[in-house]
Amino acid sequence: MAKKDIDWSNIGFGYIKTDKRYVSNYKNGAWDEGALIEDDKVTISECACVLQYAQTVFEGLKAYTTEDGHVVCFRPDLNASRLKDSAARLEMPTIPEDKFIDAVVKTVEANIDYVPPYGSGATLYIRPYMFGSDAVIGVKPANEYQFRVFCTPVGPYFKGGAKPITIRVSDFDRAAPHGTGHIKAGLNYAMSLHAIVDAHNQGYDENMYLDAATRTKVEETGGANFIFVTKDNKVVTPKSSSILPSITRRSLIYVAEHYLGLEVEEREVYFDEVKNFAECGLCGTAAVISPVGKIVDHGKEICFPSGMEEMGPITKKLYDTLTGIQMGHIEAPEGWIKVIK
């Protein structure tokens with residue numbers, strides 16, 4: 001088979017239907033064997049629990065072609081573990097981690113011609129997800145579930161390079177103490193939509209959410225963790241029980257400490273100290289790191305010394321090292337790279 005006839009260097013970050021997807025159903029207390037299918041349509045009851053009470057969780061990861069021609073995934077075991085935690089929090093059956101990884105591998109293998117070539121800047125985005133599929137009218141967990149994995153080729157998150165963005169301090173709360181902020185559930189993203197649309201309408205790229213209890217500590221954005229760099233090059237990330245444990249952020253912290261020899265600190269970060277940092281970035285699967293040049297707090301601007309033209313020097317080193325590991329330029333820690341082909 002040959003690569004699909006796609007203009008890899010010009011595709012956007014959107015959905016393109018691929019040939020196969022993986023589906024497994026949970027019924028009578030057990031998952032079936034699962035299978036690859038061609039049909040991209042999902043058929044469920046109009047009263048399905050996912051439609052009534054948003055009982056759904058998901059993950060996001062990528063497959064890509066390395067410099068030596070292999071197709072690989074980055075740390076899928078952590079996605080499997082996080083989906084397990086998310087499902088447990090919403091009273092859903094968990095997917096065994098080996099079943100999750102097997103489903104991801106099979107889906108990529110079945111769509112191998114959609115994996116963009118090395119150097120194109122594009123990747124194959126993989127979306128595993130699970131939802132309550134049977135009819136539920138009373139407020140309770142579903143009895144039946146469906147786990148699916150699809151993939152779609154996507155272009156680079158930033159066309160022409162990652163220019164620093166401007167974000168605002170949001171008046172909305174992202175997650176309550178003891179709530180669901182630490183899991184990857186659809187309901188968390190649904191409630192963020194109004195806030196991000198409002199931010200865009202006001203000319204901002206993203207929201208900075210503060211902790212809901214005191215509104216004094218930095219949490220995260222709608223879909224990414226924060227990473228800060230002090231003026232003496234210490235890497236600092238906010239610590240909170242209501243922050244989603246980003247796989248990219250955890251990987252960057254390891255890279256900072258073990259590859260770059262930087263001091264790392266994961267702790268509560270108070271908003272009133274943000275003005276003292278030298279660099280700021282948002283980290284996640286899609287962009288790895290989105291540099292932040294300015295934060296606006298109700299008209300008051302915090303401008304980072306790294307500026308609005310390019311990533312700060314430490315952020316750039318973190319980005320280059322992690323993407324180098326992912327693409328095979330730099331030797332990866334044991335277990336980080338799952339070779340598919």
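The values are calculated or read from the model by the stated rules, or taken from the named source; none is laboratory data. Because the structure is a prediction, the values reported are computed rather than measured. No Cβ is skipped: glycine too gets one built from the backbone with ideal geometry, and neighbour counts run over all protein chains shown. Side chains are part of the model used for accessible areas, which takes the heavy atoms of the whole protein and leaves out ligands, DNA and RNA. Shrake-Rupley method; radii C 1.70, N 1.55, O 1.52, S 1.80 Å.
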For this session: Counting only residues that are in contact with a helix residue (DSSP H, G or I) (Cβ under 8 Å, 6 or more places away or on another chain), give me the strands (runs of 3 or more DSSP E) lying completely in the stretch 1-70 with at least 2 of them.
Result: 21-27, 56-58, 61-65
Exercise. Can you spot a residue in the stretch 234-246 that is free of Cβ contacts under 8 Å to residues at least 24 places away in the same chain, over 16 Å from GLY181 (Cβ atoms) and either open to solvent by 20 Å² or more (accessible area, probe 1.4 Å) or of a type in the set (A, V, I, L, M, F, W, C) (or both)?
Worked result: no
Seminar exercise, completed: Of the residues in the stretch 301-341, those that are touching a Pro at 6+ places or on another chain (Cβ under 6 Å) and exposed (fewer than 14 other Cβ atoms within 10 Å of the Cβ) come to none
For this session: Would you mention how many residues in the stretch 86-119 are in contact with a strand residue (DSSP E or B) (Cβ under 8 Å, 6 or more places away or on another chain), of a type outside the set (Ser, Thr, Tyr), under 26 Å from LYS17 (Cα atoms) and not in a helix (DSSP H, G or I)?
Result: 5
For this session: Six or more apart or on different chains, Cβ under 6 Å: which pairs go from a residue in the stretch 48-73 that's touching a residue at least 24 places away in the same chain (Cβ under 8 Å) and of a type in the set (S, T, N, Q) to one that's part of a helix (DSSP H, G or I) and open to solvent by 10 Å² or more (accessible area, probe 1.4 Å)? Could you list them?
Result: THR56/VAL50; THR56/GLY186; THR66/MET327
Seminar exercise, completed: Every listed condition ((1) polar (S, T, N, Q); (2) over 23 Å from the mean Cα position of the chain (by Cα); (3) at pLDDT 95 or above) holds for SER251 save (2)
Seminar exercise, completed: Checked the stretch 39-80 for anything among the polar types (S, T, N, Q) and open to solvent by less than 40 Å² (accessible area, probe 1.4 Å); matches are GLN55, THR56, THR65, THR66, ASN79
For this session: Answer yes if at least one residue in the stretch 90-104 is closer than 14 Å to THR152 by Cα, open to solvent by less than 30 Å² (accessible area, probe 1.4 Å) and out of contact with any His (no Cβ under 8 Å at 6 or more places or on another chain), and no otherwise.
Result: yes
Problem set entry | the stretch 1-37 - residue that is within 26 Å of the chain's Cα centre (by Cα) and of a type in the set (Asp, Glu) and, of those, least open to solvent (accessible area, probe 1.4 Å) | ASP19
For this session: For the stretch 144-158, state whether one or more residues are modelled with pLDDT of 95 or more, in contact with a Cys (Cβ under 9 Å, 6 or more places away or on another chain) and not in a loop (DSSP other than H, G, I, E, B).
Result: yes
